[in-house]
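The values are calculated or read from the model by the stated rules, or taken from the named source; none is laboratory data. The model shown is predicted, which means the values in this text are computed figures rather than measured ones. FYI the Cβ positions are ideal-geometry reconstructions off the backbone, even for glycines, and counts take in every protein chain you see. Heads up: the accessible areas ignore ligands, DNA and RNA and are worked out on the full protein's heavy atoms, side chains in. Shrake-Rupley method; radii C 1.70, N 1.55, O 1.52, S 1.80 Å.
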Amino acid sequence: MQGVASNGSEVTALVQSHVAEILKLNATSYKVFKLLQNKYYVRQCLDDIKELCQPKYYKYQGKDEGVYPCVVKPCLGGGKKGVTYVDTKELFVKAIAYASKEDDKEILVEEYIEGDELSVETISYHGKHEVVQITQKDKSQPPHFAETGHHQPANISKQLWGDICDVVIKILTKINFTDGASHIELKYNASGIYVIEVNPRGGGKYFQHANLFEFWC
């Protein structure tokens, strides 16, 4: 048995995909992997999945479209870097500047969704997807959504568990993720299931605090 593994990092997962492809080992193709690192691209893919509720969203192009409250995030990146909850025009300007330090070309603005938070860990092999675990999260705190606790398995109904498994499999198929681990963040409320982010990597967190003081000052 031969393979290439990485930890819960977008950077190392991308390298893993590239190396595995060169060695002709099982992997989601590097071309697909590059696309999946763009949060705006992935959000557009989700538009076609009828079982999902989608927040309002747009790519920032110099204009505040008045979606409040919202989350401003760089289209590329991970570990909550450059991500901010915004509920005023004044904070919106600061959030755009903060996100620009991570990705000065593309910034995604999404409607903020209230609801209970979950994450779904999966393993895929040759286009077949298995849900390994559904994790219930202690509610992450704005403005930068640091997570404070995780509980496994999630204390949810069998119906919701099944619905989440079904929709996650549809997501992975839609985005052409064929091999490897994924970490999909969700919220649910009375309206239905919302995807917050689709991460083509194993679960794990790296939260960078270095720029937070500068953001608020």
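Would you mind stating whether GLU114 is modelled with pLDDT of 90 or more, open to solvent by 60 Å² or more (accessible area, probe 1.4 Å) and acidic (Asp, Glu)? Let's see the steps before the verdict.
Numbers: modelled with pLDDT of 90 or more: yes; open to solvent by 60 Å² or more (accessible area, probe 1.4 Å): yes; acidic (Asp, Glu): yes.
Against the criterion (modelled with pLDDT of 90 or more, open to solvent by 60 Å² or more (accessible area, probe 1.4 Å) and acidic (Asp, Glu)), GLU114 qualifies.
Keeping to the range 20-51, report how many residues are surrounded by 19 or more Cβ atoms within 10 Å (Cβ to Cβ), in a loop (DSSP other than H, G, I, E, B) and out of contact with any Ser or Thr (no Cβ under 9 Å at 6 or more places or on another chain).
Qualifying residue count, the range 20-51: 1.
Could you please give the count of residues in the range 88-105 that are at pLDDT 95 or above, of a type outside the set (S, T, N, Q) and assigned to a loop (DSSP other than H, G, I, E, B)?
Number of matching residues: 0.
Identify, please: which residue in the range 121-166 is open to solvent by less than 90 Å² (accessible area, probe 1.4 Å) and without any contact (Cβ under 8 Å) to a residue 12 or more places away in the chain and is, among those, farthest from LYS50 (Cα to Cα)?
SER157
Scan the range 169-177 and give yes if some residue there is free of Cβ contacts under 8 Å to residues at least 60 places away in the same chain, assigned to a strand (DSSP E or B) and either out of contact with any strand residue (DSSP E or B) (no Cβ under 7 Å at 6 or more places or on another chain) or within 30 Å of VAL4 (Cβ to Cβ) (or both), otherwise no. Walk me through it before giving the result.
In the first step, residues of the range 169-177 are kept if they are free of Cβ contacts under 8 Å to residues at least 60 places away in the same chain; the result is 169, 172-173.
Retained after the next criterion (residues that are assigned to a strand (DSSP E or B)): none.
For the range 169-177, residues free of Cβ contacts under 8 Å to residues at least 60 places away in the same chain, assigned to a strand (DSSP E or B) and either out of contact with any strand residue (DSSP E or B) (no Cβ under 7 Å at 6 or more places or on another chain) or within 30 Å of VAL4 (Cβ to Cβ) (or both): absent.
Kindly establish whether VAL71 is assigned to a loop (DSSP other than H, G, I, E, B), surrounded by 17 or more Cβ atoms within 10 Å (Cβ to Cβ) and among the β-branched types (Val, Ile, Thr). Lay out the reasoning, then the answer.
On the way: assigned to a loop (DSSP other than H, G, I, E, B): no; surrounded by 17 or more Cβ atoms within 10 Å (Cβ to Cβ): yes; among the β-branched types (Val, Ile, Thr): yes.
So VAL71 fails the test.
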